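Chemist: First the structure, which I've put down as structure tokens, then a few questions once you've had a look.
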């Protein structure tokens, strides 16, 4: 349910109220980046962030595009156990360039009527020089502020999910409590990560997550965030990676986080190894289990790195799945 205050922003006299919000959004953007409108690469810094709103029963769901970037050389990230030619051929078969791919980042806000819950926080300050880290602007564009968020859920603790937890040395969402997986937190704060390949992530978690630990609830498989939102263990991409099942008034949406990170390469070939999957065999098994369920039960899902607005369905295809983008299913 949307509050009357937010509905008022959408029309009539509410336009007067909207003006300061728009000014604040512009001021925030200007404070963080100094875009040059003569450069095509800076256009995304000038335009408001993309947002997409849908209804799930009595829940309002808002997808916010924190940013996107071309990342080059797909086989160096997806299908690392395949040849570049094999990976490129699958991309071309799906009308995509063989030598490049675009990665986008989509945090999700869920307004249950009682709570305003944010799932993941994007890249934050560290991404803004490159036109990313736009979550807070996106919240404002959707009619919310940082102060409105009452719960922040972290699906896992890779940098593009926790980067926006802090603004400077202060919590970015000052009125929020936090929920995350117990196994994930325990892994990243463990001093045993020092001197390993996970040391960089360990340091980021100590800086961004650990200062908030006194406001955190740690859950495992089946743990409840609030009524209608339940965590599910989906380990492999990271040691405690969690996905979340949303249900309201008979409607369902699965937030799959980083279970699949590319709508072609990860879904059509779920067994292919992915560079950022920390346990590659477990991640592949989790992809198959999760998307077998999504496809068999025809559950809509929202994947953090799917093409914006990141919502769709999975249809069984050969040994994998075909991504079917959402259209008007949530409008009626």
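The values are calculated or read from the model by the stated rules, or taken from the named source; none is laboratory data. Just so we're clear, the structure is a prediction, and the values are computed from it rather than from any experiment. FYI the Cβ positions are ideal-geometry reconstructions off the backbone, even for glycines, and counts take in every protein chain you see.
Chemist: Could we say that residue 150 is in contact (Cβ under 8 Å) with a residue 24 or more places away in the chain and more than 23 Å from residue 261 (Cα to Cα) here?
Modeler: yes
Chemist: Related question: Restrict the check to segment 288-295 and report whether at least one residue is closer than 21 Å to residue 178 by Cα, in contact with a strand residue (DSSP E or B) (Cβ under 8 Å, 6 or more places away or on another chain), modelled with pLDDT of 95 or more and not in a loop (DSSP other than H, G, I, E, B).
Modeler: No - not one qualifying residue is present in segment 288-295.
Chemist: State which residue is nearest to the chain's Cα centre (by Cα) when the search covers only segment 296-332 and only residues that are part of a loop (DSSP other than H, G, I, E, B) and closer than 16 Å to residue 104 by Cα.
Modeler: The extreme case among them is 304.
Chemist: Identify the residue in segment 159-171 that is touching a helix residue (DSSP H, G or I) at 6+ places or on another chain (Cβ under 8 Å) and surrounded by fewer than 23 Cβ atoms within 10 Å (Cβ to Cβ) and, among all such residues, is nearest to residue 303 (Cα to Cα).
Modeler: It comes out as 159.
Chemist: For a quick check of your reading of the model, give me the residue pairs whose first member lies in segment 85-103 and is more than 16 Å from residue 305 (Cα to Cα), whose second is part of a helix (DSSP H, G or I), with beta-carbon atoms closer than 6 Å and at least 6 apart or on different chains.
Modeler: Hits for this filter: 87/74; 87/75; 98/88; 98/91; 98/92.
Chemist: Now for a different question. Among the numbered criteria (1) closer than 23 Å to residue 235 by Cα; (2) surrounded by 23 or more Cβ atoms within 10 Å (Cβ to Cβ); (3) in contact (Cβ under 8 Å) with a residue 60 or more places away in the chain, which one does residue 136 miss?
Modeler: It fails just one condition, (1).
Chemist: Based on this model, can you work out whether residue 260 counts as free of Cβ contacts under 8 Å to residues at least 60 places away in the same chain and assigned to a loop (DSSP other than H, G, I, E, B)?
Modeler: Judged against the criteria, residue 260 is a match.
Chemist: Among the residues of segment 60-112, write down those that are surrounded by fewer than 21 Cβ atoms within 10 Å (Cβ to Cβ), at positive phi and in contact with a helix residue (DSSP H, G or I) (Cβ under 9 Å, 6 or more places away or on another chain).
Modeler: 73
Chemist: Restricting to segment 309-325, and then to whatever is modelled with pLDDT of 95 or more and surrounded by fewer than 19 Cβ atoms within 10 Å (Cβ to Cβ), can you tell me which residue is nearest to residue 231 (Cα to Cα)?
Modeler: 313
Chemist: Moving on to the next point. Please determine whether any residue of segment 184-201 is touching a helix residue (DSSP H, G or I) at 6+ places or on another chain (Cβ under 8 Å) and modelled with pLDDT under 95.
Modeler: no
Chemist: Part of a loop (DSSP other than H, G, I, E, B) and surrounded by 19 or more Cβ atoms within 10 Å (Cβ to Cβ) - does that describe any residue in segment 180-200?
Modeler: No: zero hits.
Chemist: For residues that are assigned to a helix (DSSP H, G or I) and in contact with a helix residue (DSSP H, G or I) (Cβ under 9 Å, 6 or more places away or on another chain), scanning just segment 139-158, find the one that is surrounded by the most Cβ atoms within 10 Å (Cβ to Cβ).
Modeler: 139
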